[in-house]
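The values are calculated or read from the model by the stated rules, or taken from the named source; none is laboratory data. Only a predicted model underlies this, so the values are computations on that prediction, with no experimental measurement involved. In this analysis, Cβ positions are derived from the backbone assuming ideal geometry, glycine residues included, and neighbour counts consider all displayed protein chains. Each accessible area value is taken on the protein alone, full model and side chains, heavy atoms only, with ligands, DNA and RNA left out. Shrake-Rupley method; radii C 1.70, N 1.55, O 1.52, S 1.80 Å.
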Amino acid sequence: MTTIDATGAPLADRSIASLGHRLGAVLRIHLAGPFLTLIQPWIVTAVIFAVNLAVYGMIAYAAGGVSAIDDDAFKHGGSVSWVFVFMIVVAVQAMHFTFRFALGLSIDRRDYYLGTIGFFGLLSLVYSLGLTLLVVLERLTGGWWLNAAFFAPIPLDSAPLTTVAYVFVVGFLLAFGAGAFSASVWVRWGARGLYWYFGILAFGVVAFLWSVTAAEAWPDVWSFLADTSLAGLATWALPVVALCVAGGWALLRRAPLRS
């Protein structure tokens with residue numbers, strides 16, 4: 001039997017509408033200052049791209065033209081990966097600036113976190129679409145007339161656009177997920193918590209590399225990387241995204257109201 005309220009509307013529908021209203025409030029908080037999340041990353045991307053393009057042009061000019069350079073000379077850079085690293089910083093700053101402000105507006109932690117993760121998901125789609133369109137332009141112009149592959153370096157340079165877009169989406173989700181977890185550490189324990197977090201993370205990475213070396217498993221690792229498609233490798237990152245998001249909530253739900 002469907003339960004209704006005094007207005008005659010099903011309670012389930014009103015609950016969903018109320019949740020949408022609360023998450024919309026969180027979204028508006030994040031959009032109130034668009035420079036950090038919607039403008040600054042494009043500026044950083046444009047600066048990195050301009051510097052790389054200038055270097056490519058200088059090398060081509062010194063060599064006597066693009067035809068005198070190897071076909072893949074400007075396709076190994078991978079400088080676009082800095083955009084994903086920068087998104088971790090964007091996520092940390094976005095949550096640091098808005099978490100306690102949102103709680104001051106009587107938004108509870110669960111709604112804030114759900115709205116923030118949803119906002120990060122939307123940003124992942126927006127930035128993936130933008131970068132994919134730049135890849136299209138890059139291919140149409142013959143690598144910016146320099147046979148370069150800045151936005152889709154090897155091995156993405158020859159991949160279908162759907163694969164490129166999927167790798168971008170997962171890459172941004174991973175960056176924002178790691179940023180959400182890092183921000184939760186910062187909000188709960190402050191800068192000291194971040195020092196411990198990155199120290200433990202660095203120790204864990206080194207321990208993992210040592211364990212692979214001790215087990216003489218590097219041939220298997222390289223074989224796995226070579227035999228798995230780009231989309232398959234990207235998909236392996238999704239469980240890490242889920243762990244970061246869940247871990248972020250576990251920390252944020254007990255974060256103090258005052259820093």
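Any residue at all in the range 105-116 that's over 24 Å from Phe176 (Cα atoms), of a type in the set (Gly, Ala, Ser), free of Cβ contacts under 8 Å to residues at least 12 places away in the same chain and in a helix (DSSP H, G or I)?
no
Going residue by residue through the range 23-31, is there one that turns out to be open to solvent by less than 60 Å² (accessible area, probe 1.4 Å), touching a residue at least 12 places away in the same chain (Cβ under 8 Å), within 16 Å of Gly130 (Cα to Cα) and not acidic (Asp, Glu)?
Looking through the range 23-31, none of the residues is open to solvent by less than 60 Å² (accessible area, probe 1.4 Å), touching a residue at least 12 places away in the same chain (Cβ under 8 Å), within 16 Å of Gly130 (Cα to Cα) and not acidic (Asp, Glu).
Quickly run through the range 63-72 and pick out the residues that are surrounded by 12 or more Cβ atoms within 10 Å (Cβ to Cβ) and under 10 Å from Leu146 (Cα atoms). Give the derivation first.
Initial filter on the range 63-72 (surrounded by 12 or more Cβ atoms within 10 Å (Cβ to Cβ)): 63, 66, 69, 72.
Listed by number, the residues that qualify are Val66, Ile69.
Would a scan of the range 74-94 turn up a residue that is of a type in the set (Gly, Ala, Ser), at positive phi and modelled with pLDDT under 90?
Kept after step one, since they are of a type in the set (Gly, Ala, Ser), are these residues of the range 74-94: 77-79, 81, 91, 94.
Going one step further and asking which of them are at positive phi, we end up with 78.
Right, trim to modelled with pLDDT under 90 and you get 78.
Yes, some residue in the range 74-94 is of a type in the set (Gly, Ala, Ser), at positive phi and modelled with pLDDT under 90.
Residue by residue through the range 183-228, note down the ones that are in contact with a helix residue (DSSP H, G or I) (Cβ under 8 Å, 6 or more places away or on another chain) and polar (S, T, N, Q).
Residues of the range 183-228 that are in contact with a helix residue (DSSP H, G or I) (Cβ under 8 Å, 6 or more places away or on another chain), as a first pass: 183-189, 193-194, 196-197, 212, 218, 221, 225.
Selection gives Ser184 alone.
What's the number of the condition Leu174 fails, among (1) assigned to a helix (DSSP H, G or I); (2) surrounded by 21 or more Cβ atoms within 10 Å (Cβ to Cβ)?
Of everything listed in (1) assigned to a helix (DSSP H, G or I); (2) surrounded by 21 or more Cβ atoms within 10 Å (Cβ to Cβ), Leu174 misses just condition (2).
I'd like the residue in the range 117-151 that is part of a helix (DSSP H, G or I) and β-branched (Val, Ile, Thr) and, out of all such residues, is farthest from the chain's Cα centre (by Cα).
Narrowing the range 117-151 to residues part of a helix (DSSP H, G or I): 117-140, 143-147.
Next, from what is left, pick out any that are β-branched (Val, Ile, Thr): 117, 126, 132, 135-136.
Numbers: Ile117: 11, Val126: 11, Thr132: 15, Val135: 18, Val136: 21 Å.
Per the stated criteria, the residue is Val136.
When you look at Ile154, is it open to solvent by less than 30 Å² (accessible area, probe 1.4 Å), over 13 Å from the mean Cα position of the chain (by Cα), at pLDDT below 95 and among the β-branched types (Val, Ile, Thr), yes or no? Lay out the reasoning, then the answer.
Working: open to solvent by less than 30 Å² (accessible area, probe 1.4 Å): no; over 13 Å from the mean Cα position of the chain (by Cα): yes; at pLDDT below 95: yes; among the β-branched types (Val, Ile, Thr): yes.
No.
Taking the range 124-146 as the search range and keeping residues that are without any contact (Cβ under 8 Å) to a residue 40 or more places away in the chain and over 23 Å from Ile39 (Cβ atoms), which one is least open to solvent (accessible area, probe 1.4 Å)?
Thr141
Return yes when Ala60 is of a type in the set (Gly, Ala, Ser) and either loosely packed, with under 15 Cβ neighbours inside 10 Å or outside any helix (DSSP H, G or I) (or both) and no when it is not. Let's see the steps before the verdict.
Values: of a type in the set (Gly, Ala, Ser): yes; either loosely packed, with under 15 Cβ neighbours inside 10 Å or outside any helix (DSSP H, G or I) (or both): no.
No; evaluated as a whole, the condition is false for this residue.
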